[in-house]
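Heads up, the thing below is written out as structure tokens.
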Amino acid sequence: MNIMDYAQNLLNYAKEMSRLDQKLAKKYIKSAITLLKKKTINVPNEWKIYYCKKCFYVLNPNNTKFRTHNKKLTIKCNNCGNIKRKILKK
């Protein structure tokens, strides 16, 4: 099992645990990101939509506001108020 697989497993555990225990989910996300940073591996872009970069909160429709405007996706974390913006493909 390589490092990317281990980090992917931690992210999947965090998604599952976010329904039950948000603190444990935060811990899983932090450990996956620190593991990747120690080995100088960038976090893949498809992973970045699953957590808040500021508070490491697992983003799901219950605790997040999603908005589309002018081909841009705006994601707002209700925990810390951090805003992410992504450009949508044509």
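Values computed for the structure shown
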| read-out | value |
| --- | --- |
| Among (1) out of contact with any strand residue (DSSP E or B) (no Cβ under 7 Å at 6 or more places or on another chain); (2) in contact (Cβ under 8 Å) with a residue 40 or more places away in the chain, the one test that Ser31 misses | (2) |
| Number of the condition not met by Ile75 [criteria: (1) at pLDDT below 90; (2) over 17 Å from Ser18 (Cα atoms); (3) among the hydrophobic types (A, V, I, L, M, F, W, C)] | (1) |
| In segment 23-40, residue nearest to Asn12 (Cα to Cα) [restricted to those that are basic (Lys, Arg) and surrounded by fewer than 15 Cβ atoms within 10 Å (Cβ to Cβ)] | Lys30 |
| Complete set of residues in segment 27-60 that are outside any helix (DSSP H, G or I), over 18 Å from Lys84 (Cβ atoms) and in contact with a helix residue (DSSP H, G or I) (Cβ under 9 Å, 6 or more places away or on another chain) | Lys39, Ile41 |
| Failed item in (1) in contact (Cβ under 8 Å) with a residue 24 or more places away in the chain; (2) part of a loop (DSSP other than H, G, I, E, B), with Ala7 passing the rest | (2) |
| Given (1) over 12 Å from the mean Cα position of the chain (by Cα); (2) loosely packed, with under 13 Cβ neighbours inside 10 Å, index of the condition Asn60 fails | (1) |
| Where a residue in segment 63-86 is at positive phi and its partner, wherever it lies, is surrounded by fewer than 11 Cβ atoms within 10 Å (Cβ to Cβ), with Cβ under 6 Å and at least six apart | Lys71/Leu88 |
| Counted residues, segment 13-26 - those being farther than 15 Å from Lys48 by Cβ and either part of a helix (DSSP H, G or I) or touching a Leu at 6+ places or on another chain (Cβ under 7 Å) (or both) | 8 |
| Matching residues, segment 18-28, being hydrophobic (A, V, I, L, M, F, W, C) and free of Cβ contacts under 8 Å to residues at least 24 places away in the same chain | Leu20, Leu24 |
| Residue satisfying all of: in segment 41-57; of a type outside the set (D, E, K, R) and surrounded by fewer than 11 Cβ atoms within 10 Å (Cβ to Cβ); modelled with the lowest pLDDT among these | Asn45 |
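The values are calculated or read from the model by the stated rules, or taken from the named source; none is laboratory data. All figures in this text were calculated on a predicted structure; none of them were measured in a lab. Quick reminder, even Gly has a Cβ in these numbers, built from the backbone with ideal geometry, and neighbours come from all protein chains shown.
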